[in-house]
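> Got a structure for you, questions after.
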Amino acid sequence: MSPEGEQQEEDDDSESTPPIAAVPVLVLVLVACVQIVVAHNTALTPWKGGGFGMFSTVDADTRRVVQVYLTVDGREVPVAVPDEFDVQAASLRPMPTERRTERFARRLLEQRWVELREHRPESLEEIEDLAEPAVDAHWVLEGPLHDAQAVRTPQAVRVEVWRPKFTPRDEGGDGVLELDRLQSVTVAADHFEDASEESGEDR
Amino acid sequence: MIDAIRRRISSLERLRELPVEALCAMLTFLLVLLWANITWVIAFPIYVVAVAGILFPKLRTGPRVWCVLTALMALSLAWDWHHQDNHQFVYVYICLALFLAFHFEGKQRSRVLADGCRLLVGAMMAFAAGWKLMTADYSTGAFFHHELLVHESLSDLAVIFGGLSPEVPVENAANIELLTAGYLTAEPVESVVLEGTGEVAVIAAVVTWWTVLIEALIAALFLWPRRLGGGHRYVFYARHVALIAFMLMTYVFAPVIGFGWALVVLGLGCCAVRPTWFRPAYLVIVVLLLALRFITW
């Protein structure tokens, strides 16, 4: 092909484009830079917030775990997040700030709970036998059929948010998955002053 | 006979000249309606604008319509930005690019749209590759290793090519359940072992570096300045071939259809200046994405 022909084949938009065309990308760069800073300095998952960190880490919000502990009659018991609070728990996971976690804990503290069973599962084997071990909490929110005598209002609620951490083993292709505590907030009912604490060791 | 073939070819040639601006507008309205995660408070006006844009052709290229849609989408995003996936942000950037382009007429409009879309694709890919490179989870291969052992679609890859028994991903998922729900038992678990094979580790390394390389390549091609030869037709071809290859390979395993759709709009927008076969190719990809969505359902 002659040089002239090749020149004609080149992009015919050699005229200048109005600089305004760069505005969307400038907004993108600004938002993405802010997201990177925020994700490195807070509990924001890299998957969210417009920085394009999806598929870069196992620490996706959907893999984060929210754990709830009630203090009832002087003893602390773990409970599964009630179905009614699934949405709030899901909204906590991407960026569990102390304030959001505390608000979530306070909502749980305001609920009335019932102990459905006398005993907790004693082993992993026992929980494996249950159809849905993750939601089979022994303390559940009060329902219309529950015995009013068994209803309790917790003295305190502790909410913890954990993120997954995966370490491949050097040989064999296996890997170890563990949870790393991102945040822990306790809200007490006595004087409604939260005894909140952010986990310093993990973040 | 030959004349009939020529006529058929000639009619196919017209596909190269599909109206990019109108198509981008239409696809974006559909994108907003189908895949945008909109805060319910302002969902109604957004849907009204999008439906009106689809029903009334004159509105499709009206800058005021796009100004309103951009503002509403941005407001919805700002409402709960930390919950939003990256492609939800991209929808707003696309609306903004269309708003700016529709301020102009003729060639200037095509140029503003093409350059706006080109820079957006380049920047998105640059940030995606950057995040991966600066995250230890990714650069050590741990991320894809983990996904190959537990992810619904990616574990198929591990089963087919990595010698992983089909039961293993199910067992791994059960182990994860024990880890996350174990605190409800008297014997909480601190860690679990996810079973894999040596081949899975190799596949993880290959997928890890392939992904970051293709993203970096797309970023380089789309951000290549015109004054340094970025306007050459071979660069143009390379851009679209790389982007289409990325979409075809990525969305089979990670069917994030909203992101794929957004990339189609951006890729199509990049073709605004010159007639090209990539215009119909992007429309075919939309159909494939929809088909893939129904298959994975």
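Please treat every number below as a calculation from the coordinates, not as lab data. As the structure is a prediction and not an experimental result, all values here were calculated from the model. Note that each Cβ is placed from the backbone with ideal geometry, even for glycine, and that neighbours are counted across all protein chains shown.
> Return the loop-located GluC sites (Glu not before Pro) in the stretch B:124-193 (DSSP other than H, G, I, E, B) with at most 16 other Cβ atoms within 10 Å of their own Cβ; answer none if there are none.
Numbers: sites: B:Glu147, B:Glu152, B:Glu167, B:Glu171, B:Glu177, B:Glu190; in loops: B:Glu152, B:Glu190.
Filter output for the stretch B:124-193: B:Glu152, B:Glu190.
> Turning to a different aspect of this structure: Let me confirm one metric for peptide B:104-111, namely the mean number of other chain beta-carbon atoms within 10 Å of its residues' beta-carbons. Don't jump to the answer; show the numbers that get you there.
Working: counts 4, 0, 0, 4, 4, 1, 2, 6.
Per residue, the average neighbour count from other chains is 3.
> Just to confirm the number: angle between the C-alpha axis of helix B:20-35 and the first principal axis of chain B, 0 to 90 degrees, nearest 10?
Taking Cα atoms only, the helix is inclined about 40 degrees.
> Rank B:Ala123, B:Ala78, B:Ala242 by mean-square fluctuation in a GNM of chain B with C-alpha springs under 10 angstrom and give only the top-ranked residue.
Largest GNM mean-square fluctuation: B:Ala78.
> Please list, or write none, the lysines whose alpha carbon is within less than 18 Å of the alpha carbon of B:Lys107, excluding same-chain residues fewer than 8 places away.
Of all the lysines, none pass the test against B:Lys107 - Cα under 18 Å, at least 8 places apart if same chain.
> For the protein assembly as shown, what value does the Rg/Rh ratio take when both radii are computed over Cα atoms and Rh is the Kirkwood radius, given to two decimals? Write out the running numbers ahead of the final one.
Values: Rg = 26.3 Å, Rh = 25.3 Å.
On the Cα set of the protein assembly as shown, Rg over Rh gives 1.04.
> Is the shape of the stretch B:1-90 rounded, prolate or oblate, going by the alpha carbon gyration tensor and its root eigenvalues a ≥ b ≥ c, with a/c under 1.5 for rounded and a/b larger than b/c for prolate? Could you put the intermediate results ahead of the total?
Numbers: a/c = 3.75, a/b = 2.51, b/c = 1.50.
Note, shape of the stretch B:1-90 comes out prolate.
> Separate question: Roughly speaking, what % of Cα-Cα pairs in the stretch B:43-106 are separated by over 21 Å, rounded to a whole number? Please report the intermediate quantities before stating the final value.
Values: 449 of 2016 pairs.
Here the long-distance tail beyond 21 Å is 22 percent of all Cα pairs in the stretch B:43-106.
> Next question. Given Cα positions, please report Rg to Rh for chain B, the hydrodynamic radius being the Kirkwood one.
1.03
> Based on the Cα coordinates of the stretch B:167-297, what is the per residue volume of their convex hull in Å³?
Spread over its residues, the Cα hull of the stretch B:167-297 gives 159 Å³ apiece.
> Calculate the tail of P(r) for the stretch B:70-213: the fraction of all Cα-Cα distances greater than 23 Å, expressed in %. The partial results should precede the final answer.
On the way: 6014 of 10296 pairs.
Considering the stretch B:70-213, 58 percent of its Cα-Cα pairs are separated by more than 23 Å.
> What does the helix-only formula give at 222 nm for chain B: each DSSP H stretch with n ≥ 4 adding -39500 (n - 2.57), the total divided by the residues, and the result rounded to the nearest 500 deg cm²/dmol? Display every interim value, and only then the final one.
Values: 15 runs with 223 residues, N = 297.
Rounded to the nearest 500, the figure is -24500 deg cm²/dmol.
> Okay, next question. Check the straight Cα-Cα distances from B:Lys132 and name the lysines below 19 Å, setting aside those fewer than 8 residues away within the same chain.
Answer for B:Lys132, where 19 Å is the Cα cut-off: A:Lys48, A:Lys165, listed by chain and number.
> Please give the peptides A:17-25, B:246-254, A:155-163, B:55-63 ranked by average Cβ packing (other Cβ atoms within 10 Å per residue), highest first, as a rough proxy for protection. Please report the intermediate quantities before stating the final value.
Numbers: A:17-25: 18.6, B:246-254: 16.9, A:155-163: 23.0, B:55-63: 14.0.
Descending packing order for the listed peptides: A:155-163, A:17-25, B:246-254, B:55-63.
> Take peptide A:156-168, look around each residue's Cβ out to 10 angstrom, count Cβ atoms belonging to other protein chains, and average those counts.
Values: counts 0, 0, 0, 0, 1, 0, 3, 0, 5, 4, 10, 6, 12.
Mean partner-chain Cβ count within 10 Å for A:156-168: 3.
> Further, regarding this structure: Considering only the other residues whose Cβ falls under 15 Å of the Cβ of B:Ala126, what net charge follows from Lys and Arg at +1 and Asp and Glu at -1?
Values: positive: B:Arg118, B:Lys132, B:Arg239; negative: B:Glu215.
With Lys, Arg at +1 and Asp, Glu at -1, the neighbours total +2.
> Right, here's the next one. How shielded is B:125-137 by partner chains, expressed as the average number of their Cβ atoms within 10 Å of its Cβ atoms?
Values: counts 1, 4, 11, 7, 2, 6, 13, 7, 1, 5, 8, 2, 9.
Averaged over the peptide's residues, the number is 6.
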